[in-house]
1. From the set of residues in the range 20-34 that are open to solvent by less than 90 Å² (accessible area, probe 1.4 Å) and not charged (D, E, K, R), which is farthest from residue 3 (Cα to Cα)?
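The values are calculated or read from the model by the stated rules, or taken from the named source; none is laboratory data. Please read all numbers here as calculations on a predicted model, not as lab measurements. We work out accessible area using only protein heavy atoms, side chains counted, and drop any ligands, DNA or RNA first. Shrake-Rupley method; radii C 1.70, N 1.55, O 1.52, S 1.80 Å.
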Amino acid sequence: MMSWNLFVGGTISGQEKTGENLRQMIDYVNEVDPDVLFVIEGYGSGQKTSTR
């Protein structure tokens, strides 16, 4: 089980616009491969996080 706070949708205070930070976060979660994942502050990134 894992909970993950994406903090502003994974954009580092809304300043990071390339999506690289969110991609790195998704890669990490995929590496850990939890059975259950709770996402907090995932607004704006739902589609990206659910398709990976």
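1. In this case the residue turns out to be 21.
Residue-wise test of (1) assigned to a helix (DSSP H, G or I); (2) at pLDDT below 70.
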position	(1), (2)
14	no, yes
17	no, yes
22	yes, no
25	yes, no
31	yes, no
34	no, no
39	no, no
43	no, no
52	no, yes
